[in-house]
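Novice: Please read through the structure below; I'll follow up with questions.
Every number here is computed from the coordinates shown, using simple stated rules; none is lab data. For clarity, every value in this text was computed on a predicted model and none was experimentally measured. Quick reminder, even Gly has a Cβ in these numbers, built from the backbone with ideal geometry, and neighbours come from all protein chains shown.
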């Protein structure tokens, strides 16, 4: 496979600058000043933070705006297969991933402006976001926070059209704190004085209280899920409700009941940002929204061909206990509609609560195959991950790869075709999409 020129630029940066995160805004602010502060020349920004659901909210927001005929830039992270996935530039008929030559040139320009000073690669690539988004016309920019909020490199936008806080749970404790209220305070750091705020469905009352108090202190017009807007299923449809009334919509294309709340947060966010979304556009958005590796059904590809005949295969990058719960609920919902034995093929990294993730599947999954995450230095060895699954009360065994797990299943399976969930890490999900030959487009 030919190495793309943008990837060569990034590999070069990786040799010059430290890996990982260094939460501060000083370095990125200094670099952006040298670039002429492109973050101040963006179209209206929808800025999204949270532990789970950020990417889904971004996907729904994009689908809503594009269905209404708007040109939209989207920045998400991490990527699954190629770095280009982080930068979707506005285009007629729907945004497109950044062209390789445009991306490579922007990286080189930003790296040159940095003049060799200490900085992280994520900060350089965030500056690239602002350069690209300021130089290509659009009517809105959706920007997902990388980590936390307050000191995330994306948090240099002075006046976002709306700040969105999606569900908060325990994750990245080493960076953000070991109590949910500390994590909520970090996420709330994207709120700006007087700018609208949308608070998505929160599982923790403590987190919700921190978010509401912060918004009040900053005089932000605020709408809260369950209080000012909500969504629910009725007669096989999704009903969205806010102070403007009801919208009767098709169920979102993204499976799982948790996606109703994610869709609702996106509708509330787009409206709070000043965009009108008609009923027809909202219907179109629910039917066309796409978000790879989030309960993505795999129907073709090299790995799919190895599975037992008739197997139903799902891919999800969720990797913390909160994500485990919503994925397990989505699969339980599938089980109600169409009963099948559930088998997990899991790979995880060592910064996550692996036993907590697996606990959500107790009583639901028949067996777990654990595999190494080969594209991350932090991958948990497959034998160790099997022990974590067993601690959660699941039957588990380590195997060498996803392909091995699928072939083992195919050769030994006896009974109704299984439902297979492949997941446990976005790094892992990306490797699966690459190996399957179905990268995001």
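Novice: Taking other Cβ within 10 Å of each residue's Cβ, how do 204, 412 sort, fewest first?
Specialist: 412, 204
Novice: Which length gain, in nm to one decimal place, applies between residue 136 and residue 329 when the Cα-Cα distance is subtracted from 0.36 nm times their residue separation?
Specialist: Gain on extension, residue 136 to residue 329, equals 65.4 nm.
Novice: Right, here's the next one. Would you order 220, 195 from fewest to most other beta-carbon atoms within 10 Å of each residue's own beta-carbon?
Specialist: Placing the least packed residue first, the sequence is 220, 195.
Novice: Still on this structure, please answer the following. Between region 356-376 and region 259-316, how many Å separate their Cα centres?
Specialist: Using only Cα atoms to place each centre, the spacing works out to 23 Å.
Novice: Could I ask something else about it? Could you sort 335-347, 261-273, 140-152 so that the peptide with the highest average Cβ count within 10 Å comes first and the rest follow in order?
Specialist: So the order, starting with the most tightly packed, is 261-273, 140-152, 335-347.
Novice: With contacts defined as alpha carbon pairs under 8 Å and 6 or more residues apart, what's the relative contact order of the chain in percent?
Specialist: 16 percent.
Novice: Hey, can you rank 53-61, 182-190, 389-397, 425-433 by average C-beta count inside 10 Å, highest first?
Specialist: 53-61, 425-433, 182-190, 389-397
Novice: Applying 1/(1 + (r/R0)^6) with R0 = 25 Å to the Cβ-Cβ distance of residue 219 and residue 33, what FRET efficiency is obtained, to the nearest 0.05?
Specialist: 0.35
Novice: In terms of the Cα gyration tensor, with a ≥ b ≥ c the square roots of its eigenvalues, is region 293-441 rounded because a/c is under 1.5, prolate because a/b exceeds b/c, or oblate?
Specialist: Cα axes put region 293-441 in the rounded bin.
Novice: How much of the DSSP beta bridge set in region 296-436 is antiparallel, as a percent to the nearest 5?
Specialist: If we restrict to bridges inside region 296-436, about 20 percent are antiparallel.
Novice: If each DSSP helix of 4+ residues adds -39,500 (n - 2.57) and the sum is divided by the residues in the chain, what number results at 222 nm, nearest 500 deg cm²/dmol?
Specialist: -12000 deg cm²/dmol
Novice: Using a/c under 1.5 as the rounded threshold, could you call region 360-403 rounded, prolate or oblate? The axes a ≥ b ≥ c are square roots of the C-alpha gyration tensor eigenvalues, and prolate needs a/b larger than b/c, oblate otherwise.
Specialist: prolate
Novice: Still on this structure, I have one more. Once the Cβ-Cβ distance between residue 410 and residue 350 is put in as r, and R0 is 45 Å, what FRET efficiency do you end up with, to the nearest 0.05?
Specialist: Efficiency for this residue pair is about 0.90.
Novice: Can I ask one more? Show me the ranking of peptides 71-79, 247-255 by mean Cβ neighbours inside 10 Å, starting with the highest.
Specialist: Top to bottom by mean Cβ count within 10 Å: 71-79, 247-255.
Novice: Ranking 242, 414 by Cβ neighbours within 10 Å, fewest first, what do you get?
Specialist: 414, 242
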